[in-house]
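Below you'll find the structure, written out as structure tokens, and then a few comments.
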């Protein structure tokens, strides 16, 4: 009987520790994602055009996939599961992607920055930022 109780308690303890490790990993990804997204948002707010923003992203995040124009831009920045940046050419090794969609409408620049887990296709973090360019 004591062995049965020990086995039940041990399995519950293992399940608890596995769940705690998962929560810790998720919290770490959320913290890293929010920090990187806020850094990107600050670059966006310091830019006076979408082209300038794309240039700043290219400097700060070499290897980012950038498609820009005068009224719209789309940027993707890839990371490994340990939050090491990966170039667009190695995107098949990426675990996390930051997608940045930005527009310039009537003197107002707007951007949505979204961090997504590529493996689970779940959103980790998202933020919007905007400012007047006029």
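Points to keep in mind about this one:
- Condition met for residue 57 (part of a strand (DSSP E or B), surrounded by 12 or more Cβ atoms within 10 Å (Cβ to Cβ) and at pLDDT 90 or above): no
- Within the stretch 86-126, being free of Cβ contacts under 8 Å to residues at least 60 places away in the same chain, within 19 Å of residue 60 (Cα to Cα) and either assigned to a helix (DSSP H, G or I) or over 11 Å from the mean Cα position of the chain (by Cα) (or both) holds for 86, 87, 88, 89, 90, 91, 94, 101, 102, 112.
- The one condition in (1) part of a loop (DSSP other than H, G, I, E, B); (2) closer than 19 Å to residue 37 by Cβ that residue 130 fails to fulfil: (1)
The values are calculated or read from the model by the stated rules, or taken from the named source; none is laboratory data. Please read all numbers here as calculations on a predicted model, not as lab measurements. Glycine also receives a Cβ, built like all others from the backbone with ideal geometry; neighbour counts cover every protein chain displayed.
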